[in-house]
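The values are calculated or read from the model by the stated rules, or taken from the named source; none is laboratory data. All figures in this text were calculated on a predicted structure; none of them were measured in a lab. Note that each Cβ is placed from the backbone with ideal geometry, even for glycine, and that neighbours are counted across all protein chains shown.
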Amino acid sequence: MNAFVFENDKKIFAEELGPRLPQRIFDAHVHIFDKSCYPKGKTFGPKDYRTWLNGEFSQASWQACMKEMLPGKDVYGNLFGNPEAEVNRDISPKPDNDHIFAMALLSPADSVEALQRRVEADRLVGFKPYLNFAADFFKKPKNDVEIHDMLLPDQLAYADREGLAITLHIPRKDRFADPKNQRQMVEICQKYPHATFIFAHVGRAYFMKNIRESNVDELAKLPNAYFDTAMVNHVGVLSYLFDHFPAERVLFATDAPISCLHGKSVEINNDYAYLMADDVAIGTVLHDPARAYPFTTFYYEQLRAMLEAVPAGCLEKVLFENARGLFRFIAEKRHYI
């Protein structure tokens with residue numbers, strides 16, 4: 001595995017980030033996987049980020065990474081597997097429901113009985129569906145998948161009955177600006193009021209148009225609607241979110257291990273791309289092969305943006321208290337602790 005933190009990163013953390021961050025930090029969106037999650041002999045392409053990680057990012061790897069990325073800080077997390085077709089969804093991260101909480105992966109192919117078995121066996125606080133699973137199950141193009149394809153009524157009813165949390169990466173090309181997404185986001189929150197819906201990546205609003213044309217004001221009225229900020233380093237997007245949505249229901253999140261790569265997300269004419277020095281494939285990437293720019297990590301860029309956007313007096317809430325309070329409440333109700 002390559003080093004996560006370089007000398008320039010250490011300087012940025014020591015001078016710019018570390019002194020302004022709270023002592024405790026909770027990352028609500030971490031992907032954990034090792035070779036046992038994949039079919040035996042599984043390999044990845046030369047530009048795949050998992051190759052850069054030697055094929056795994058275990059809980060121990062994440063904890064070691066956090067000691068390197070956030071020296072001196074007490075780091076908590078909400079963990080789940082990598083949502084890929086080949087991954088064994090019965091394998092979930094192992095929580096202690098104090099520092100580490102965890103969620104199951106979910107496909108519409110999974111029965112409620114299978115979901116319940118995963119949640120109860122591993123003492124999980126909820127689950128994470130993904131559009132790839134729904135596309136495979138319903139034989140749909142990915143851009144045609146709807147939220148109602150990703151979460152079936154009996155699965156939602158189980159989450160509502162048990163008071164579980166669902167981290168949802170919404171589908172469709174226009175993401176948070178898509179009227180069908182907007183309608184279905186509201187519908188699930190209203191119909192299943194005892195479940196908590198955490199809309200990941202600020203509803204995948206990585207640029208201003210997608211959040212300006214969203215229904216964030218409507219979701220602000222629904223107490224079981226939350227957002228996580230994974231991979232969003234756009235100060236404008238985050239500021240708009242905090243201007244229109246309660247800071248008490250925003251969870252700091254990073255999308256590790258992707259966030260441990262060196263790069264930055266940038267808005268380009270109502271779209272976005274990742275600027276990176278390393279030739280690693282993680283979506284639409286613009287490379288800097290000459291390494292003309294001294295990139296820091298996506299993780300640090302997200303922290304920079306949070307420090308600028310979070311309202312006064314709310315930093316510790318957003319970076320720690322909101323997520324810890326939510327997941328610990330679920331764990332306590334389920335008698336995990």
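A few remarks follow.
- The combined condition, being in a loop (DSSP other than H, G, I, E, B), modelled with pLDDT of 95 or more and over 15 Å from the mean Cα position of the chain (by Cα), is not fulfilled by Ala292.
- Every test in (1) part of a loop (DSSP other than H, G, I, E, B); (2) more than 24 Å from Leu70 (Cβ to Cβ); (3) small (Gly, Ala, Ser) is passed by Ala253 save one, and that test is (2).
- Of all residues making up segment 268-297, the number that are in contact with a helix residue (DSSP H, G or I) (Cβ under 9 Å, 6 or more places away or on another chain) and more than 20 Å from His234 (Cβ to Cβ): 4
- Scanning segment 279-332 for residues that are among the polar types (S, T, N, Q), closer than 26 Å to Val5 by Cα and touching a residue at least 40 places away in the same chain (Cβ under 8 Å) turns up Thr296, Thr297, Gln302.
- Residue within segment 14-34 that is at pLDDT below 95 and surrounded by fewer than 18 Cβ atoms within 10 Å (Cβ to Cβ) present: yes
- Where a residue in segment 31-50 is more than 24 Å from Thr167 (Cα to Cα) and without any contact (Cβ under 8 Å) to a residue 40 or more places away in the chain and its partner, wherever it lies, is among the hydroxyl-bearing types (Ser, Thr, Tyr) and assigned to a helix (DSSP H, G or I), with Cβ under 8 Å and at least six apart: Phe44/Thr51
Residue-by-condition table, conditions (1) acidic (Asp, Glu); (2) under 26 Å from Ala247 (Cα atoms):
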| site | (1), (2) |
| --- | --- |
| Leu275 | no, no |
| Asp279 | yes, no |
| His287 | no, no |
| Arg291 | no, no |
| Pro294 | no, no |
| Tyr299 | no, yes |
| Arg304 | no, yes |
| Leu315 | no, yes |
| Glu321 | yes, yes |
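- Flag if Ala165 is of a type in the set (A, V, I, L, M, F, W, C), more than 30 Å from Thr43 (Cβ to Cβ) and either in contact with a Ser or Thr (Cβ under 7 Å, 6 or more places away or on another chain) or touching a residue at least 40 places away in the same chain (Cβ under 8 Å) (or both): yes
- Exactly one residue among Arg304, Arg328 is outside any loop (DSSP other than H, G, I, E, B) and either over 18 Å from Asn233 (Cβ atoms) or at pLDDT below 95 (or both), and that residue is Arg328.
- Of everything listed in (1) surrounded by fewer than 16 Cβ atoms within 10 Å (Cβ to Cβ); (2) within 19 Å of the chain's Cα centre (by Cα); (3) over 19 Å from Arg175 (Cβ atoms); (4) of a type outside the set (Asp, Glu), the single unmet condition for His194 is (2).
- Test: Pro71 is under 27 Å from Lys317 (Cα atoms) and surrounded by fewer than 14 Cβ atoms within 10 Å (Cβ to Cβ): yes
- Condition check for His194: touching an Asp or Glu at 6+ places or on another chain (Cβ under 8 Å), of a type outside the set (Phe, Trp, Tyr), over 24 Å from Glu113 (Cβ atoms) and modelled with pLDDT of 95 or more: no
- Criterion: at pLDDT 95 or above and either in contact with a Gly (Cβ under 9 Å, 6 or more places away or on another chain) or over 20 Å from Glu267 (Cβ atoms) (or both) - qualifying residue of Ala220, Ala200: Ala220
- Residues of segment 7-62 classified as farther than 20 Å from Thr297 by Cα and either touching a Gly at 6+ places or on another chain (Cβ under 7 Å) or aromatic (Phe, Trp, Tyr) (or both), total: 5
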